[in-house]
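Colleague: Got a structure for you, written out below as structure tokens; questions coming shortly.
The values are calculated or read from the model by the stated rules, or taken from the named source; none is laboratory data. Keep in mind that what you see is a predicted model, and the values were worked out from it rather than measured. Cβ: placed from backbone, ideal geometry, glycine included. Neighbour counts: every protein chain shown. For the accessible areas, the whole protein counts, side chains as well, though only heavy atoms, and no ligand, DNA or RNA atoms are used. Shrake-Rupley method; radii C 1.70, N 1.55, O 1.52, S 1.80 Å.
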Amino acid sequence: MNITSKSTTRKPGSESVFSPLIPRLTDWHGAAQLHPYFVCDVFTPQPLQGNQLGVFVDGRPFTPEQMQSLAREMNFAETVFLLPPCEGGDVWIRIFTPESEVPFAGHPVLGTAFVVSTALGKENVALETGAGLVPVQFELSDGRPVFGRMQQPVRECEPFERQRELLDALGLTKSGLPVELYRSGAPHVFVELESEDEVAALKPDFAALEGLGIAANCFAGSGRSWKTRMFYPSRGIPEDPATGSAAGPLALHLARHGRIGFGQEIEIRQGAEIGRPSVLYAVATGSRERVESVEVGGVALIVAEGVFRIAQA
């Protein structure tokens, strides 16, 4: 693997903020061919739960093809590479699933923001993503982040025209709310079930879901408390333990249809069925006619660190 080629043709801006981050995270490794990374568990206060994330603290040595290979090697739902900022943020991040690069995903943004906040001691972090600048605000304790809230782009919803096929693939006859699609990093489609027990008991036809090419979000609950499961086999994710990019649209979906009020924060539980219980918080503000903001919060933990030894070709 050639590690000397540029990772992108995009011209980085000033490295004044990025530069102090890299030495703090890399000065201990002592060899040019060692590439440090962290493993985070995101949307959980407990280690070894939540959604796993790999974060390479210096993506500059890698081409996009090498980033993709490393993401495949890590084999988490997403792996992130930090780069110098170009548009006024603290860092520019590139997000890769084992199969492809994505412009935005919720748990990679929150987890990476925890890493950056920990390194820089900052209460407010801004990440440059393929979907634009994403600000994350933290609650700090002894100078370290303990809870983060990220602003998500506000997306319009649209009808999902293959509703019958989706319900059949999920083994359902109906949805309590309209089956609608929100494009938030992934094409998230929402289906309401009658009870949390029904959500837990779902046994989807993954081959049929894969043919639909969407992220199927199945949820139930009331008031502040909601349970959800997300299936996205067309992207190699049979089931996701915590889906930050769907949490904001879920809060918006519920508010638009009167299940909750605008400005009411909800707690979303996900991942128990695959042994990675997660907790997400989301709120949509404004009104049905004019959505003002969508915010998603949670906890992330740095649970491991290591280096990749990649010899120069």
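Colleague: Can you check how the C-alpha radius of gyration of the chain compares to 2.2 N^0.38 Å, as a plain ratio?
Modeller: Against the compact-globule rule of thumb, the ratio is 0.99.
Colleague: For segment 242-313 and segment 172-207, what is the separation of their Cα centres, given in Å?
Modeller: 16 Å
Colleague: Something else about it: Tabulate in residue order the Karplus-calculated ³J(HN,Hα) for segment 272-284, using 6.51 cos²θ - 1.76 cosθ + 1.60 with θ = phi - 60°, rounded to whole Hz; enter x for Gly and Pro.
Modeller: In residue order, the calculated couplings are 4, 5, 10, x, 10, x, 9, 9, 10, 10, 8, 8, 10 Hz.
Colleague: Residue 203 versus residue 267, label points 7 Å from Cα toward the beta carbon: distance in nm?
Modeller: For residue 203 paired with residue 267, the spin-label model returns 3.1 nm.
Colleague: Distance in nm between label sites at residue 194 and residue 257, each 7 Å beyond Cα in the beta-carbon direction?
Modeller: Each label point is offset 7 Å from its Cα along the Cβ direction, giving 1.6 nm.
Colleague: Between residue 124 and residue 101, what is the label-to-label distance in nm when each label sits 7 Å out along the Cα-to-Cβ direction?
Modeller: It is 2.9 nm.
Colleague: Using amide H atoms built in the peptide plane, which far-off residues or other-chain residues are under 5 Å from residue 133 H to H?
Modeller: Under 5 Å from the amide H of residue 133 lies no amide H from a residue far enough along the sequence or on another chain.
Colleague: Find the relative contact order for segment 148-235 and round it to a whole percent, using C-alpha pairs within less than 8 Å whose residues are 6+ positions apart.
Modeller: So the answer I get is 25 percent.
Colleague: Quick one: pull the percent of accessible area on segment 209-313 belonging to carbon and sulfur, 1.4 Å probe, ligands and nucleic acids left out. Numbers along the way, then the final one.
Modeller: Values: 1760 of 3860 Å².
Ligands and nucleic acids excluded, carbon and sulfur give 46 percent.
Colleague: Let me check the size of segment 157-313 from its C-alpha atoms; what are the radius of gyration and Dmax in Å?
Modeller: 16.6, 59
Colleague: Please find, in a Gaussian network model of the chain (springs between Cα atoms separated by less than 10 Å), the residue of 68, 151, 264 whose mean-square fluctuation is greatest.
Modeller: Checking each option, the largest mean-square fluctuation is seen for 264.
Colleague: If I take every Cα pair under 8 Å that is 6 or more residues apart in segment 171-313, average their sequence separation and divide by the length, what percent do I get for the relative contact order?
Modeller: Values: 267 pairs, mean separation 23.4, N = 143.
This gives 16 percent for segment 171-313.
Colleague: Can you list the DSSP H helices in the chain whose Cα atoms extend at least 18 Å along the helix axis and whose mean Kyte-Doolittle hydropathy is -0.5 or higher?
Modeller: Details: long enough: 106-120 (21 Å, 1.25); 244-256 (19 Å, 0.59).
Helices passing the filter in the chain: 106-120, 244-256.
Colleague: Do you know the Lys pair count in the chain for C-alpha distances under 27 Å, with sequence separation 8 or more or different chains?
Modeller: Values: 11/122; 174/203; 174/227; 203/227.
Close lysine pairs under the 27 Å cut-off: 4.
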